[in-house]
Structure formats: structure tokens, C-alpha cells
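First comes the structure, then the notes that go with it.
Where a number appears in this text, it was derived from the coordinates with a stated rule and is not lab data. All figures in this text were calculated on a predicted structure; none of them were measured in a lab. With ideal geometry, Cβ positions are generated from the backbone for all residues, glycine too; neighbour counts draw on all protein chains shown.
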Amino acid sequence: MQNEKNGNRFLKEFVKGIIISNPVFILALGLCPTLAVTSSLDNAIGMSAGVIFVLLCSNIIISSMRKIIPETVRIPVFIVVIATFVTILSLVFQAYFPPLYESLGIYLALIVVNCIILGRAEAFASKKSVLLSISDALGAGIGFTLALIIISLLREMLGTGSLSVFGSILFKLPVLFENPMVIFILPPGAFLVIGLLLALFRWLGVVKNE
Amino acid sequence: MSNLLSIFIVMAVINNLVLSKFLGLCPFFGVSKKLSNAISMGAAVTLVMLISSLSTSVIYNYILIPFNIEFMNIIIYILVIASLVQIVELTIRRTNIALYNALGIYLPLITTNCAVLGITLINAREGYSIIESMVSALGAGIGFTLVLIIMSGIREKLEVSDCPKSMRGLPIAFITAALLALAFLGFSGMM
């Protein structure tokens, strides 16, 4: 009985991050990396993996230290913990995935100031148990991944007329491949796609109007 | 001199922080509803960017490079920026209360503003000297302020316009930004 109840709570925290409070589409958090790295599917996958790693590790560390961290200096402590994991991540990417490291550029380092991560640390991990924080991190991380993949799929298909994952082309669209709408992989396309997606979700009633 | 000028122009309009690098979007969409707020926010960001670019490029060139620990720049930069913002806030509060009232509430927000950390990381990546970093920070700050002012002018009109219900608020702001970014793409022909 107790186990079943606990399981439901973990599932609730997990699903909450993916749909009900999707960090990108519903809370409009972490927009800077979302717009910048979604010009191709590869970048979106690399960035999501990085964010999930940092979110998970920092949530685990912060929630297991939540009783030791003094209330007044909690934000600097959170930032140092997050920055440490971002440094680890950027060294790993530099060593094992150099092309991805190059194309993500400064946005990999900017995971430090991603509002999603600091937000989860402050609102959740600093108050709840380690296991709940893990499911919360996975939920928010997968919600972020989902948003990034939807946006980058649209932008890459419209902008290049084809879809490729790490060098292998999956398919080509008939007319678009000869005449791609390049604007979608340029900066204006990012604003346009997110604006239209937000409007679509409101129109469908997934998101309530302000 | 021409080198400095080209850094300034590239950072201000061609690689505009908001419209082509997507940095500082939170204040861009959050604060750009009123013209006066936009100017204060732009000024606060430019000030913090200048100070933090100066100190981080001194640290980068004289501490991190000689000791071969460039990879530590993320942790060090964020700590430097966070403490600088605190110092700037305290100094302004003690010396100029009118300025504090105008900028005060925006200063703490700037700590986690990706534009400030972003510009210091760009300076390190490009290998700019201290003077070049200052110029690039000034250019980026002015470019940021410019776009914030343009956007707030448009949004004051948008508030009263009649657009579809599901487009109101954030979605239409994004589409406006898309059109602005399209206009700013024209600057890339300058260099």
C-alpha cells in the first residue's frame, strides 16, 4: 500500500514536468538555449542530454545537502554546484564529441544560467527528498527535450528540406529539398516557430490564456 | 582603431545579443512592455556588462591563461558576476538614491541573465584583449538597449490592437521579434 502510494507520487512529479508544467511551452523558461540550438536535430539532442545530466546531478546533490546548506547563502551554493556539473559536462563534450561541442558553442556553458535548473533547485530539490528530486529532474528534463525536439524537427525539415541524425540522412521532402525555406534555420525562424507553437497550444486549449 | 570599431558594430547590430544570439530573452519579453522600464533595464545591463567584462577579462588574461586553467572560466565568471552585481547594487544605493530607484529592482535579475555571462564567454572564446572586451561589451549593451526600446515601442501599440485571442501576449511578441530579427538580418551585409 505504502509502496503503491510512493510510486504514484514519483509518477506524478515525473509527468508534471513533461506535460502540465512543461518548462518551455507552458512556463516559458529556458528560452535562450531553446531558440539558439534548435536549428538542427543533432544540436537539440546534444543540448537536451546536457541539460538532463546537469539537472539530475545538481538536483541529487542539492537535495541530499538540503539540511546542511544555510538558508541565506543557498543561491550561491546552488550556482556553484550547477557550475561544477556544467564544467564537467563541457570537458566531456570537448573530449568525446568535438563537433557537437563546437556547434553548441557558448550555449553549453550557458546551461549554468538556465532558469529551469536553478528553478528546480530552488523550488523543488532544496525542499524534497532525493528520490522525489530525481523524478522531478527527469520530468522537467524530458519535458525540455520534448520541446526542443518538436521545434528542431520543424525548423530542420522546413529549413533544409531533409532530416538527418548525426550525419545519416533519414528522409528528404520532395519539393522542399530543392527549394528549402532557409529562413527557418536562421534566427528569425526560431522566433516564428516558437511564437506559432505557443499560439497553437493556446488555441488547442493545452495552455490557458493569461 | 578600425578593429575596435568593427567589434563594436558587429556586437551591436550584426550579432545582436537578443535577435541573433538569443541572449537576454527573459528581460526582452518581460520588461519590454513600457518604454521607461526598457531604458532603465538597458542601462543596468550595459553597466553590469562593462564592469563584468573588464574584471573577467583581467582574470582570464592574467590568472586563467598563465596557470592553464581556462576550463574553470564558467565557475569563476558566474561567481564574479554575482558578486559584482551585489557590489554595484550596494554602491548605487549608497550614492545615488534616484538611480537606485530607477534601476534597483532590475539589478538582482541581471545575475542570472544569460546576456552578461554570454558576453564574457564570447570575449574569452574570441580571445579579445581587455580593451577589445570592453568595446564588445559596450556594443552588446547598446545593441541590447536599442532592441529593447524598439520592442517596447511596438508592444505599447500591440497592447491596444485587436489580434486573435490565442495570439495575445507572448505568441504575438515572439512573432514581432521574428520580424525584427528579419530586419536585423539586413545588417549582416555591412561587413
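It is to be established whether one or more residues within the range A:190-205 are more than 12 Å from chain B (Cβ to nearest Cβ), over 30 Å from A:VAL77 (Cβ atoms) and either of a type in the set (Lys, Arg) or under 19 Å from the mean Cα position of the chain (by Cα) (or both). Write out each step before concluding.
Of the range A:190-205, the ones more than 12 Å from chain B (Cβ to nearest Cβ) are none.
No, every residue in the range A:190-205 fails to be more than 12 Å from chain B (Cβ to nearest Cβ), over 30 Å from A:VAL77 (Cβ atoms) and either of a type in the set (Lys, Arg) or under 19 Å from the mean Cα position of the chain (by Cα) (or both).
Rundown of residues vs (1) within 30 Å of B:TYR60 (Cβ to Cβ); (2) out of contact with any strand residue (DSSP E or B) (no Cβ under 6 Å at 6 or more places or on another chain); (3) without any contact (Cβ under 8 Å) to a residue 12 or more places away in the chain; (4) within 14 Å of chain A (Cβ to nearest Cβ), yes/no style:
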{"site": "B:ALA115", "(1), (2), (3), (4)": "yes, yes, no, yes"}
{"site": "B:ALA124", "(1), (2), (3), (4)": "yes, yes, no, yes"}
{"site": "B:MET134", "(1), (2), (3), (4)": "yes, yes, no, no"}
{"site": "B:ALA137", "(1), (2), (3), (4)": "yes, yes, no, no"}
{"site": "B:ILE149", "(1), (2), (3), (4)": "no, yes, no, no"}
{"site": "B:SER152", "(1), (2), (3), (4)": "no, yes, no, no"}
{"site": "B:SER161", "(1), (2), (3), (4)": "no, yes, yes, no"}
{"site": "B:PHE187", "(1), (2), (3), (4)": "yes, yes, no, yes"}
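Residue under question is B:ASN16, and the condition is that it be away from every other protein chain (no Cβ under 14 Å) and polar (S, T, N, Q); does it hold? Let's see the steps before the verdict.
Values: away from every other protein chain (no Cβ under 14 Å): no; polar (S, T, N, Q): yes.
Judged against the criteria, B:ASN16 is not a match.
Take the range B:2-59 and flag every residue that is surrounded by 18 or more Cβ atoms within 10 Å (Cβ to Cβ) and in contact with an Asp or Glu (Cβ under 8 Å, 6 or more places away or on another chain).
B:ILE7 - this is the single residue of the range B:2-59 that is surrounded by 18 or more Cβ atoms within 10 Å (Cβ to Cβ) and in contact with an Asp or Glu (Cβ under 8 Å, 6 or more places away or on another chain).
Exactly one of these conditions fails for B:PHE144: (1) in contact with a helix residue (DSSP H, G or I) (Cβ under 7 Å, 6 or more places away or on another chain); (2) over 26 Å from B:GLN86 (Cβ atoms). Give me its number.
So the condition that B:PHE144 fails would be (2).
Hey, does the range A:98-116 have a residue that's within 20 Å of the chain's Cα centre (by Cα), closer than 30 Å to A:ASN8 by Cα and hydrophobic (A, V, I, L, M, F, W, C)?
yes
Can you name the number of the only condition in (1) within 7 Å of chain B (Cβ to nearest Cβ); (2) surrounded by 23 or more Cβ atoms within 10 Å (Cβ to Cβ); (3) of a type in the set (Ser, Thr, Tyr) that A:TYR107 fails?
It is condition (1) that A:TYR107 fails.
Determine which member of the set A:ILE52, A:ILE69 is of a type outside the set (Lys, Arg), under 21 Å from A:LEU29 (Cα atoms), surrounded by fewer than 20 Cβ atoms within 10 Å (Cβ to Cβ) and more than 14 Å from every other protein chain (Cβ to nearest Cβ). Step through it out loud before you land on a result.
On the way: A:ILE69 fails: under 21 Å from A:LEU29 (Cα atoms).
Selected residue: A:ILE52, the only one of A:ILE52, A:ILE69 that is of a type outside the set (Lys, Arg), under 21 Å from A:LEU29 (Cα atoms), surrounded by fewer than 20 Cβ atoms within 10 Å (Cβ to Cβ) and more than 14 Å from every other protein chain (Cβ to nearest Cβ).
From (1) surrounded by 20 or more Cβ atoms within 10 Å (Cβ to Cβ); (2) aromatic (Phe, Trp, Tyr); (3) away from every other protein chain (no Cβ under 13 Å), pick out the condition that doesn't hold for A:PHE85.
(3) is the only condition that A:PHE85 fails.
What are the residues in the range A:131-149 that are surrounded by 15 or more Cβ atoms within 10 Å (Cβ to Cβ) and more than 12 Å from the chain's Cα centre (by Cα), if any? Break it down into steps so the answer makes sense when it comes.
Kept after step one, since they are surrounded by 15 or more Cβ atoms within 10 Å (Cβ to Cβ), are these residues of the range A:131-149: A:132-149.
Of everything in the range A:131-149, those that are surrounded by 15 or more Cβ atoms within 10 Å (Cβ to Cβ) and more than 12 Å from the chain's Cα centre (by Cα) turn out to be A:LEU132, A:SER133, A:ILE134, A:SER135, A:ASP136.
Do we have A:PRO23 as closer than 26 Å to A:ILE169 by Cα and under 19 Å from the mean Cα position of the chain (by Cα) here? Before you say what the answer is, go through the steps one by one.
On the way: closer than 26 Å to A:ILE169 by Cα: no; under 19 Å from the mean Cα position of the chain (by Cα): yes.
Taking the combined requirement at face value, the residue does not satisfy it.
Which numbered condition trips up B:GLY169, out of (1) surrounded by fewer than 17 Cβ atoms within 10 Å (Cβ to Cβ); (2) within 14 Å of chain A (Cβ to nearest Cβ)?
Exception for B:GLY169: condition (1).
Return the residue satisfying two criteria in turn: it lies in the range A:141-186 and is part of a helix (DSSP H, G or I) and free of Cβ contacts under 8 Å to residues at least 24 places away in the same chain, and of such residues it is farthest from the other protein chains (Cβ to nearest Cβ).
First, pick out the residues of the range A:141-186 that are part of a helix (DSSP H, G or I): A:141-160, A:182-185.
Applying the additional criterion that residues be free of Cβ contacts under 8 Å to residues at least 24 places away in the same chain yields A:157, A:182.
Details: A:MET157: 18, A:VAL182: 11 Å.
Filtering first and then ranking leaves A:MET157.
Determine whether the range A:188-199 contains at least one residue that is surrounded by fewer than 19 Cβ atoms within 10 Å (Cβ to Cβ), touching a strand residue (DSSP E or B) at 6+ places or on another chain (Cβ under 7 Å) and more than 30 Å from A:LEU11 (Cα to Cα).
no
Please note which helices (runs of 4 or more DSSP H) are completely contained in the range A:19-130 and include at least 3 residues that are under 28 Å from A:VAL182 (Cβ atoms) and in contact (Cβ under 8 Å) with a residue 24 or more places away in the chain.
On the way: elements: A:31-37, A:41-64, A:74-96, A:98-104, A:106-109, A:115-120.
Correct list: A:31-37, A:41-64, A:98-104.
Could you pull out the residue among B:PHE71, B:PHE28, B:PHE8, B:PHE22 that is farther than 15 Å from B:ALA177 by Cβ and within 13 Å of chain A (Cβ to nearest Cβ)?
The conditions single out B:PHE71.
Scan the range B:113-146 residue by residue and report those that are surrounded by fewer than 22 Cβ atoms within 10 Å (Cβ to Cβ) and aromatic (Phe, Trp, Tyr).
Listed by number, the list holds a single entry, B:TYR128.
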